[in-house]
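Visitor: What follows is a single structure, and I will ask about it in a moment.
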Amino acid sequence: MAPAFFMHYIGSEKDRKTVLNANIAKDLARSCGFDLCGITAPEVIPDAVERFDRWLAEGNHAAMDWLVSSRDRRVNPRELLPNVRSVIMLGVNYYNPNTKHIPSGFGRVSRYARGRDYHKVLGRMIKHFINKAQQAQGARTEDDFFWWVDYGAFLEREYARAAGVGYIGKNTMLINRDYASWVFLAEVLTSVDLQADDSSVVDHGSCGECTLCIDACPTEAISEETGVDSRRCISYLTIERPREIPEEHARRMGSMVFGCDICQEVCPHTSRSQLTRHRDFLPEAGVGEFVDCHRVLTMTTREQFLDLTAGTPLTRPRLENLQRNARIVLDNQRRDEDS
């Protein structure tokens, strides 16, 4: 579960000839480092809105109240950019493999958070993309583009599906035929009219009768009817939950100190995983695959915390919650050693 987002407005000029087209936009996206690019219309997706409203009504957002307060702009792109005519969905593969053995006293970090903060990395890539798109338009503009990284502004996985970038699995992850579910998403709304992709012509596979992700979730957070219940999800518990984690869930966290990849790891589509070509997302660029729980517990200042986490997603839970997670990991490891 990715915890934050960046957004920005760039550029607008009325009644000028459009030079940018869908093929040029995709070529520009690739030249800026994006692995995936799809285009769709900015229309409200009724089925997606219905599912989202039901998910909220059932309390599956847990303490993430901002999902409720920002509901209207999440379901309608025109709430974000009134003159929007196209939605450009961009994707980057971040996959890196696990080592088999978890060192005693260390907690494992979810793959997406091991390197540099993807919000900032993708933000720079988007700015580069938009600059090139503006040049293709033949003019610098002031408000033709609205962009952000991650889930912050709207139902990005639904629009990625509509753009042909992937399909949404039972674990609610977007699954792509080339990169499985190991994909960061970024979005650009634009007033430029671009031809939308036909999502039906790209076969990303399907879940079918498979329930491996549902069966493998240690805290039983996934169901076919609900999707993911954040109140039980290890990613939510270790990153977003502001209070102590209930013991029944803490005991099932194993050695996960930040995030969780289990529902992605067991997915049959993950056999298509490819090592990311983006060095910023490799473990050596950030905190790495493991965090020393004893080191975390000896920290007493924000400076010590930032010395470990600055520039990475691990700043999100703050020191006290990362220490909470570290204590749980050590307790679980001691329990396993004693059994």
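None of the figures in this text is laboratory data; all of them are computed from the coordinates on show. In this text the structure is predicted, and so the values were computed from the model without any measurement. Cβ: placed from backbone, ideal geometry, glycine included. Neighbour counts: every protein chain shown.
Visitor: How big, in percent, is the set of alpha carbon pairs in segment 51-188 lying more than 21 Å apart?
Guide: It works out to 54 percent of all Cα pairs.
Visitor: Check the cysteines of the chain one by one and keep only those with no other cysteine Cβ under 4.7 Å from their own.
Guide: Cysteines of the chain left without a disulfide-compatible partner: Cys32, Cys37, Cys207, Cys210, Cys217, Cys233, Cys260, Cys267, Cys293.
Visitor: Follow-up. Going 7 Å from the Cα of Glu320 along its beta-carbon direction, which residues of segment 229-254 have the amide nitrogen within less than 19 Å of the resulting point?
Guide: 237-247
Visitor: Please work out which option in [x] 1.00; [y] 0.98; [z] 1.06 gives Rg/Rh (Cα atoms, Kirkwood Rh) calculated from these coordinates, and answer with its label.
Guide: Derived directly from the coordinates: [y].
Visitor: Also, I was wondering about something else. Hey, any idea what the orientation-averaged projected area of the convex hull of segment 212-338's Cα atoms comes to, in nm²?
Guide: It is 9.1 nm².
Visitor: Mind checking the full-extension length gain between Asp203 and Arg272? Use 0.36 nm per residue of separation minus the Cα-Cα distance, one decimal, nm.
Guide: 23.4 nm
Visitor: Just to be sure I understand the model, the point goes 7 Å from the Cα along the line to the Cβ. What's the resulting Lys127 to Arg73 distance in nm?
Guide: 2.0 nm
Visitor: By a straight-distance test (C-alpha under 15 Å), which aspartates and glutamates pair with Lys120 as possible cross-link partners, with residues fewer than eight away in the same chain excluded?
Guide: Correct list for Lys120: Asp150, Glu187, Asp280.
Visitor: May I pose another question? I need the trypsin sites (Lys or Arg not before Pro) found in segment 243-339, filtered to DSSP loop residues with at most 13 other beta carbons within 10 Å of theirs.
Guide: Arg243, Arg277
Visitor: To the nearest 20 debye, what is the magnitude of the charge dipole of the chain about its Cα centre, counting +1 on the Cβ of each Lys and Arg and -1 on the Cβ of each Asp and Glu?
Guide: I would put it at about 900 debye.
Visitor: Once you have the Cα-Cα distance between Arg279 and Asp336, take 0.36 nm times their residue separation minus that, and quote the gain in nm to one decimal.
Guide: 17.0 nm
Visitor: Taking 0.36 nm per residue of separation and subtracting the Cα-Cα distance, what length does fully extending Gln195 through Glu220 add?
Guide: Length gained between Gln195 and Glu220: 4.9 nm.
Visitor: Please enumerate, by chain and number, the aspartates and glutamates with C-alpha under 18 Å from the C-alpha of Lys100, excluding those fewer than 8 residues away in the same chain.
Guide: Asp261, Glu265, Glu284, Glu289, Asp292, Asp336, Glu337
Visitor: Also: Within a Cβ distance under 14 Å of Ala153, other residues only, what is the Lys/Arg minus Asp/Glu net charge? Before the final figure, lay out each step's value.
Guide: Details: positive: Arg71, Arg73, Arg74, Arg78, Arg157; negative: Asp72, Glu79, Asp150, Glu156, Glu158, Glu187.
Within the 14 Å Cβ shell, the charges total -1.
Visitor: Report, ordered by chain and residue number, the aspartates and glutamates lying within cross-link reach of Lys26, taken as a straight Cα distance under 12 Å and ignoring same-chain residues fewer than 8 apart.
Guide: Here the aspartates and glutamates satisfying the reach criterion relative to Lys26 are Asp35, Asp197.
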